[in-house]
Amino acid sequence: MPVRLRQWNLKLVIAFFAALAAVVAQDPTSYLTPDVLRVGDKLACRCGGCRNTVGNCPMLHCGSADPMRRKIYEMQKRGLSDANIVSAIVREEGIVALAAPPAQGIGPIVTWLMPGIALLIGFFIYSRYVRRNQKDPEPLSAADQATLNRFRAQIDREFDESSEPRK
């Protein structure tokens, strides 16, 4: 094999491995360790396209989850605990960064009681409306009364026939 061809093959191999290294370096799944996912499950994905956590956002190249996973990975490499990572991110981005905000104050109580209170108020208003707008039934016409009597007679006959013992 001529020297020139060997040099060209060597350059091709080097270019291939350089491209492979660049692709692997850009792979967001390299940050998807169980530790990153555990911390990511406590933080909300704020991309606007989903309602998932950073740990389980299914979007490829998500503009919110991928950088947050990278940030969590870097913080874990520095030796920070899960609680310290979450509190640092909350300090930077605010309480909206949490997937489940803490249950403090009257907010959770109102959140759980308001639907029931709203239903009770709705039932009260509806029942008042129905009672106020209720009309007396109109008397039946002669034709309607005749039809009703005919059906009652038919029902009575059928019940009498069904109550007789069969032979």
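The values are calculated or read from the model by the stated rules, or taken from the named source; none is laboratory data. Keep in mind that what you see is a predicted model, and the values were worked out from it rather than measured. Neighbour counts run over all protein chains shown; Cβ positions are idealised from the backbone, glycine included.
For the range 40-76, a residue qualifies if it is of a type in the set (Ser, Thr, Tyr) and part of a helix (DSSP H, G or I), and exactly one does: Tyr73.
In the set (1) under 30 Å from Ala44 (Cα atoms); (2) over 25 Å from the mean Cα position of the chain (by Cα); (3) not assigned by TED's automatic domain parsing to the domain that holds Arg46, Trp112 fails one condition alone, (2).
When every residue of the range 112-123 is checked against the conditions, at least one turns out to be surrounded by 10 or more Cβ atoms within 10 Å (Cβ to Cβ) and farther than 30 Å from Ala100 by Cβ.
Every test in (1) outside any loop (DSSP other than H, G, I, E, B); (2) exposed (fewer than 10 other Cβ atoms within 10 Å of the Cβ) is passed by Tyr126 save one, and that test is (2). Of the residues making up the range 82-102, those that are among the small types (Gly, Ala, Ser) and in a helix (DSSP H, G or I) are Ala83, Ser87, Ala88, Ala97.
When Gly105, Gly79 are screened for being over 24 Å from the mean Cα position of the chain (by Cα), modelled with pLDDT of 85 or more and not in a helix (DSSP H, G or I), only Gly79 passes.
Out of all the residues in the range 1-29, which are at pLDDT 65 or above and polar (S, T, N, Q)? The answer is Gln7, Asn9.
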